[in-house]
Amino acid sequence: RKGKRVKLIVRIAIAVFVVALCVVAFMLTFKLFYDTALDPESKVKTEITINEGVTDEEVADLLYDAGCIEDKKLYKFRTYIYDANYVPGTYKVSPAYTTEKLINILSGYDYSDGTMEE
């Protein structure tokens, strides 16, 4: 009788652990791959300058200081997903832009909103 009770408690504990692990894995995956703008309604644009040879970390610092991203490590991870290849220049960036749009602007693929020649 006691043995059955212990087995039941162990099984319940394992089930709770597995469910909790799945929830955490889902939350992390969602945060990593669901790209949203920091403030989609923002009309603010900030000017940043990208220099030759800039690193992902330096760009993350610039975008963080401009209020466009909230997590530098997450930005650096997404630079691998979106294949960041920065083009030196001066750009307008906004918290209304997704990480993908920011990277595309800074990599020279999207001039719709980010160039200073607007």
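Among the protein heavy atoms of the chain, carbon and sulfur supply 59% of the accessible surface, probe 1.4 Å, non-protein parts ignored. In order along the stretch 59-66, phi translates into HN-Hα couplings of 5, 4, 4, 4, 5, 5, 5, 7 Hz, rounded to whole numbers, per the Karplus curve 6.51 cos²θ - 1.76 cosθ + 1.60 with θ = phi - 60° and x for Gly and Pro. Note on LYS45: lysines with a C-alpha under 20 Å away, same-chain residues under 8 apart excluded, are LYS72, LYS92, LYS101.
In the set (1) 10.2; (2) 9.4; (3) 6.7, the label that goes with mean projected area of the Cα convex hull in nm² computed for this structure is (2).
At a probe radius of 1.4 angstrom, the accessible area of the chain per residue rounds to 70 square angstrom. For the stretch 1-81, applying the loop criterion from DSSP together with a ceiling of 13 other beta carbons within 10 Å to the trypsin sites (Lys or Arg not before Pro) yields ARG1, LYS43.
The HN-Hα couplings worked out from phi for the stretch 80-91 by the Karplus form 6.51 cos²θ - 1.76 cosθ + 1.60 (θ = phi - 60°) are 6, 5, 9, 6, 5, 9, 5, 9, x, x, 10, 10 Hz, whole numbers, x standing for Gly and Pro.
What translational diffusion coefficient, to the nearest whole µm²/s, does the stretch 48-108 have by Stokes-Einstein, given a Kirkwood radius computed over alpha-carbon pairs, a temperature of 25 °C and 0.890 mPa s viscosity?
Details: Rh = 11.2 Å.
My calculation gives 220 µm²/s for D.
Given 0.36 nm per residue, what is the gain on full extension from THR90 to VAL24 after removing their alpha carbon distance, in nm?
This chain segment gains 19.9 nm when fully extended.
The values are calculated or read from the model by the stated rules, or taken from the named source; none is laboratory data. What you are looking at is a predicted structure, and each value in this text was computed from that prediction instead of being measured. Virtual Cβ from ideal backbone geometry, glycine too; neighbours counted across all protein chains shown. Just so you know, the surface numbers come from the protein's heavy atoms only, side chains and all, with ligands and any DNA or RNA stripped out. Shrake-Rupley method; radii C 1.70, N 1.55, O 1.52, S 1.80 Å.
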